[in-house]
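Chemist: First, the structure itself, so that you have it in front of you.
The values are calculated or read from the model by the stated rules, or taken from the named source; none is laboratory data. No experiment lies behind these values; they were computed from the predicted model shown. Counting neighbours? That spans all protein chains shown, and the Cβs are built from the backbone with ideal geometry, glycine included.
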């Protein structure tokens, strides 16, 4: 690729030159923009990069209330741009750049106008542009059919706001309708899915193909899940959490409201789409969906069905499927448009998103390094059962056991032998922590790191001297996900429950209970190891925030001042209790 | 300043050279590190920058569980570093670099070893280092007396965890003791404050000096405020929010716990320190404090008093005052150490912190563009009162009115004239929105932006045609802080309350009620316009998160599988109601 980067200093004086007669239109080379365009076309370069001290081309003079950066500019859009004249660098300068860019485009050279002084993405503006990242304004001949991602964000915002003002029954109706469509339109869905599978054949490994594939039974159980979400949605938006009488006829209410616009990023599994759509509908949030490329056909039809269901109450646009050129990391930067990002997929995906999402909160967990501490007073009968369930039932889950901490007094006891025997039978590979290894004559391979999530039939065993040492170990090497104590000593158990600083802390129960469904939260949104907003297994509530409503008559604060006529009452008023099942 | 940046490629072969005999010790130039050191000392440069492909010098081989980047390295610390040998780039290479760096340091040249391939801060590693930003490992002769900020973070974390496990009464006791100390040690505090004031004299403007200055009455009211915080702290940590019976003898509890470590950044006002300390103590959080340089003496003594109070229950280290070389933006990057940042100061400070704090949530509001919509059915008597209180009572507050939206039908009515007359009397400067201007023959100056926070006796007036248009205007130009409708029409009011997507939405009440104290939240932490975690006025609850405690007997999930012996009960159990005042 030939690339000509031009830094426009706005002060170079370039003598006029003859226009290139091969091209329609005339470009008189009177500044370095037109010179660059001319040069780029002459050299038949693929891309001309014009670096300036503004971000790119805006639809109104930058700094004005409505000014938005134009991501892709098409020659036909020229009339939609107003050029100001008062800017410091001169919008005339931008007009000249646009003229030069359009001329170059006509000559077969694509153009990007971007800021060279404060590179936005990685600090390397030219590399970013060449890698196709969303930087500055890209001049293109081809106008894609659909809306831009910014337009989709606005549609999701306003559609979501309409969704939020529906009655809970109406939102439930939409979800039920979507559940019906999943079974009614089964043939079309499976046909689209078949296309995806055919295209993926040979390119994806068998487990990934399995994740990608839909079936009648998958669709049926998906529909059942959606109906459960509909049921639990009744009590979500608009729930009163707190009521206070501030003064006579001045009442304050804190109510639950949707967060706003969610971005859900999911990998190959297309069954994620209806499920996430139902969660967004139940909680009244606008939704941007970004699915994996391998599921394009499946996602397209599932999204159409979601919109069909939404349209029964006129809120079709609340859910948008992003199909534009933006990569996931571009979307993660749209902090004015997106209020919360939820990655659904591998822990690698979550880690990548957490890294990319500067300024937007991400709900999820990238690691589940769960511990079980077997106390000196643990019951022989319980330990083996609990360890087996925690490690072997589904070792790939984030709530599976990774490190077993054993009190030193238990070494070389029948209980210890029983655990080891069970692990052998279950074919669990044992790694030894440094202290454990030092106690053994012949030890299993020593761990590389005590901070490992095996996600498989592997387990680290380490020895500790006390509950306190177990807690210290968990704080140092854990991921604050789920940690368990096994003991018959209630005092030790309560000490552990109070002191371990993790999202879930259990006594004599399997780590695997750490799950929204098992916790009885209804629809499961995910598990969060963040300490802000939602923590641990998250139900629909994790998709809600609150607002304060104050109803007065003509109340002003100056009446409550030191010498004013009124006094604050601040009486807590009763709130309706949460529905019990 | 002379700077020699050296990019170490690890493959350059440099012939040995004679050591510089002026220096103690011998350096044999056998690689480009030693060559660079030699050259830098010969040229008497101030700083030698060695760029490598690792972040700098770690105290253990990078990648091992405990490896930490050494921020500042002192010659005396050499024994505390273990050099690995197996790393891809060769830790021998790092050993050589350290040797060269120490040699250069002895020769009077400071050294930074940093990563040149993935610059961490702004993307410009050399600029960052020259500007004194915290990048890589800095080699210095002088060892500062206090702990590093990383050590302070660890102390705050473990001290906070101890604080969290105290009884609520013990935390309240600490706060009461701090309140006592503020009055008992008044003379020492005022003496320290006098030093700050003397040093600031002539360098700070009068209003800033006023903010900096403490007085007996300020200390007294501070002590009263602290006792209020102590009172409201009783019901914060450890409150049960939810209880569920999952199965027989398997009970789940969701309880409030502290967030972890807070970083509070405050500007000149030293009275912030005891207040924030009390909030952290009440909520059981560890705390890092970063105050303004101009208040150094005052902050130091106030911090000592906070630690004195904490030590009555052995948790002195839970609150740390950061005095190291780190700038605010360096602290904002310590995402593994800090769970929440709270800026207390100007909206500019909040904006700067929000920008700098990548990856750590920030609680605060950078803008308060509050609206009042005067409906066509507004009561004449109420409007003037409400507008005056909202705009004129304290115009610098974030909850003061900035934009008055008036229904078109009210133009040229007595009500309209009454509002304008009142604003004239109160000397409020009026700016006209574009539609309002177009209705008038002689209009006030047209606004530059409808998105302006005046923070002064200035106000924008705009005309709207309906409640819906008022809502659209607020969504487009507002900051989701506080917005009010004035009307006698209950239906219009409820529509406005439900549809406006702001933290606080009021009916016939002044914008100025948007405040933690006025809302009856007890201790006020701040006002948040974030949509995640806490929203609107935030009390102590904003400093809390939750954890899940599960108490079982020997419960495993496989017993609950399809063919298992147990079924989930998921019974909601009653929770204690919130204390009423």
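Chemist: I'd like the full set of residues that are more than 7 Å from chain B (Cβ to nearest Cβ) and touching a residue at least 60 places away in the same chain (Cβ under 8 Å), limited to segment A:502-518.
Modeler: A:511, A:514, A:515
Chemist: Let me ask something additional. Anything in segment A:487-501 that is surrounded by 24 or more Cβ atoms within 10 Å (Cβ to Cβ), at the interface with chain B (Cβ under 9 Å from one of its Cβ atoms) and closer than 17 Å to residue A:378 by Cα? List them, or say none.
Modeler: Result: no residue meets the conditions.
Chemist: While we're looking at this one, here's another question. Taking the conditions exactly as written (in contact with a helix residue (DSSP H, G or I) (Cβ under 9 Å, 6 or more places away or on another chain), facing chain A (nearest Cβ under 9 Å) and not in a helix (DSSP H, G or I)), does residue B:443 satisfy them or not? Spell out how you get there, then give the answer.
Modeler: Values: in contact with a helix residue (DSSP H, G or I) (Cβ under 9 Å, 6 or more places away or on another chain): yes; facing chain A (nearest Cβ under 9 Å): no; not in a helix (DSSP H, G or I): yes.
So residue B:443 does not fit the description; no.
Chemist: In segment B:538-554, is there at least one residue being at the interface with another protein chain (Cβ under 8 Å from one of its Cβ atoms), assigned to a loop (DSSP other than H, G, I, E, B) and touching a helix residue (DSSP H, G or I) at 6+ places or on another chain (Cβ under 9 Å)?
Modeler: No; the residues of segment B:538-554 include none that is at the interface with another protein chain (Cβ under 8 Å from one of its Cβ atoms), assigned to a loop (DSSP other than H, G, I, E, B) and touching a helix residue (DSSP H, G or I) at 6+ places or on another chain (Cβ under 9 Å).
Chemist: If you check B:569, B:521, which single one turns out to be more than 7 Å from chain A (Cβ to nearest Cβ), out of contact with any helix residue (DSSP H, G or I) (no Cβ under 7 Å at 6 or more places or on another chain), closer than 30 Å to residue A:394 by Cβ and in a loop (DSSP other than H, G, I, E, B)? So that I can check it myself, show each step before the final result.
Modeler: Details: B:521 fails: closer than 30 Å to residue A:394 by Cβ.
The match here is B:569.
Chemist: While we're on this one: Give me a count of the residues in segment A:327-340 that are crowded, with 19+ Cβ neighbours inside 10 Å and out of contact with any helix residue (DSSP H, G or I) (no Cβ under 6 Å at 6 or more places or on another chain).
Modeler: Adding up the residues that qualify gives 7.
Chemist: Sticking with this one: Among what's in segment B:383-398 and is at pLDDT 95 or above and surrounded by fewer than 24 Cβ atoms within 10 Å (Cβ to Cβ), pick the residue that is nearest to the other protein chains (Cβ to nearest Cβ). Even if it seems obvious, please write down each step before you answer.
Modeler: In the first step, residues of segment B:383-398 are kept if they are at pLDDT 95 or above; the result is B:383-392.
Applying the additional criterion that residues be surrounded by fewer than 24 Cβ atoms within 10 Å (Cβ to Cβ) yields B:384-385, B:388-389, B:392.
Details: B:384: 10, B:385: 6, B:388: 8, B:389: 3, B:392: 9 Å.
Checked segment B:383-398; the qualifying residue nearest to the other protein chains (Cβ to nearest Cβ) is B:389.
Chemist: Within segment B:197-251, restricting attention to residues that are within 13 Å of chain A (Cβ to nearest Cβ) and assigned to a helix (DSSP H, G or I), which residue is surrounded by the fewest Cβ atoms within 10 Å (Cβ to Cβ)?
Modeler: Taking the candidates together, the pick is B:221.
Chemist: Identify, from the list B:213, B:283, B:268, the residue that is in the same structural domain as residue B:304 (by TED's automatic domain parsing) and free of Cβ contacts under 8 Å to residues at least 40 places away in the same chain. Steps first, please.
Modeler: On the way: B:283 fails: free of Cβ contacts under 8 Å to residues at least 40 places away in the same chain; B:268 fails: free of Cβ contacts under 8 Å to residues at least 40 places away in the same chain.
After applying the criteria, what remains is B:213.
Chemist: For segment A:449-467, state whether one or more residues are within 7 Å of chain B (Cβ to nearest Cβ), touching a residue at least 40 places away in the same chain (Cβ under 8 Å) and in contact with a strand residue (DSSP E or B) (Cβ under 8 Å, 6 or more places away or on another chain).
Modeler: Scanning segment A:449-467, I find at least one residue that is within 7 Å of chain B (Cβ to nearest Cβ), touching a residue at least 40 places away in the same chain (Cβ under 8 Å) and in contact with a strand residue (DSSP E or B) (Cβ under 8 Å, 6 or more places away or on another chain), so the answer is yes.
Chemist: Looking at residue B:117, is it out of contact with any strand residue (DSSP E or B) (no Cβ under 6 Å at 6 or more places or on another chain), exposed (fewer than 14 other Cβ atoms within 10 Å of the Cβ), outside the structural domain of residue B:330 (by TED's automatic domain parsing) and part of a helix (DSSP H, G or I)?
Modeler: no
Chemist: Out of the residues in segment A:160-188 that are assigned to a helix (DSSP H, G or I) and out of contact with any helix residue (DSSP H, G or I) (no Cβ under 8 Å at 6 or more places or on another chain), which is nearest to residue A:339 (Cα to Cα)?
Modeler: A:164
Chemist: Something else about it: What is the residue count in segment B:470-482 for residues that are within 10 Å of chain A (Cβ to nearest Cβ) and in a loop (DSSP other than H, G, I, E, B)?
Modeler: The number of residues fulfilling the criteria is 1.
Chemist: Here is a follow-up. Among the strands (runs of 3 or more DSSP E) confined wholly to segment B:325-428, which include 1 or more residues that are under 29 Å from residue B:470 (Cβ atoms)?
Modeler: In segment B:325-428, B:370-374, B:401-407 are the strands (runs of 3 or more DSSP E) which contain 1 or more residues that are under 29 Å from residue B:470 (Cβ atoms).
Chemist: If you check residue A:218 against the conditions, is it in contact (Cβ under 8 Å) with a residue 24 or more places away in the chain, over 20 Å from residue A:312 (Cα atoms), out of contact with any helix residue (DSSP H, G or I) (no Cβ under 9 Å at 6 or more places or on another chain) and assigned by TED's automatic domain parsing to the domain that holds residue A:281?
Modeler: On the way: in contact (Cβ under 8 Å) with a residue 24 or more places away in the chain: yes; over 20 Å from residue A:312 (Cα atoms): yes; out of contact with any helix residue (DSSP H, G or I) (no Cβ under 9 Å at 6 or more places or on another chain): yes; assigned by TED's automatic domain parsing to the domain that holds residue A:281: yes.
So residue A:218 passes the test.
Chemist: Among the residues of segment A:289-311, count how many are over 21 Å from residue A:196 (Cβ atoms) and touching a residue at least 24 places away in the same chain (Cβ under 8 Å).
Modeler: Residues that pass the stated criteria total 2.
Chemist: Hey, another quick one. Which condition number does residue B:265 fail, the rest of (1) part of a strand (DSSP E or B); (2) under 28 Å from residue B:173 (Cα atoms); (3) at pLDDT 95 or above being met?
Modeler: (3)
Chemist: While we're looking at this one, here's another question. Looking at this structure, is residue B:485 at pLDDT 95 or above, in a strand (DSSP E or B) and farther than 22 Å from residue A:542 by Cβ?
Modeler: Considered against the rule, which asks whether it is at pLDDT 95 or above, in a strand (DSSP E or B) and farther than 22 Å from residue A:542 by Cβ, residue B:485 comes out as yes.
Chemist: Still on this structure, please answer the following. State whether one or more residues within segment B:268-290 are assigned to a strand (DSSP E or B), within 14 Å of another protein chain (Cβ to nearest Cβ), at negative phi and touching a helix residue (DSSP H, G or I) at 6+ places or on another chain (Cβ under 7 Å).
Modeler: So far as segment B:268-290 goes, yes, one or more of its residues are assigned to a strand (DSSP E or B), within 14 Å of another protein chain (Cβ to nearest Cβ), at negative phi and touching a helix residue (DSSP H, G or I) at 6+ places or on another chain (Cβ under 7 Å).
Chemist: Which count do you get for residues in segment A:524-537 that are facing another protein chain (nearest Cβ under 8 Å), modelled with pLDDT under 90 and in contact with a strand residue (DSSP E or B) (Cβ under 6 Å, 6 or more places away or on another chain)? Quick ask: steps written out before the conclusion?
Modeler: Going residue by residue through segment A:524-537, those that are facing another protein chain (nearest Cβ under 8 Å) are A:531-533, A:535-537.
Narrowing the set further to residues that are modelled with pLDDT under 90 leaves A:531-533.
Filter again for in contact with a strand residue (DSSP E or B) (Cβ under 6 Å, 6 or more places away or on another chain), leaving A:531.
Adding up the residues that qualify gives 1.
Chemist: Please go through segment A:252-264 and pick out each residue that is farther than 16 Å from residue A:549 by Cα and more than 8 Å from chain B (Cβ to nearest Cβ).
Modeler: Result: A:261, A:262, A:263, A:264.
Chemist: Let me ask something additional. Which one of these is under 22 Å from residue A:63 (Cβ atoms) and either in contact with a strand residue (DSSP E or B) (Cβ under 6 Å, 6 or more places away or on another chain) or modelled with pLDDT of 95 or more (or both): B:407, B:431?
Modeler: When all the criteria are applied, what remains is B:431.
Chemist: If residue A:564 satisfies all but one of (1) surrounded by fewer than 20 Cβ atoms within 10 Å (Cβ to Cβ); (2) facing chain B (nearest Cβ under 7 Å); (3) free of Cβ contacts under 8 Å to residues at least 40 places away in the same chain, what's the number of the condition it fails?
Modeler: The single condition residue A:564 does not satisfy is (2).
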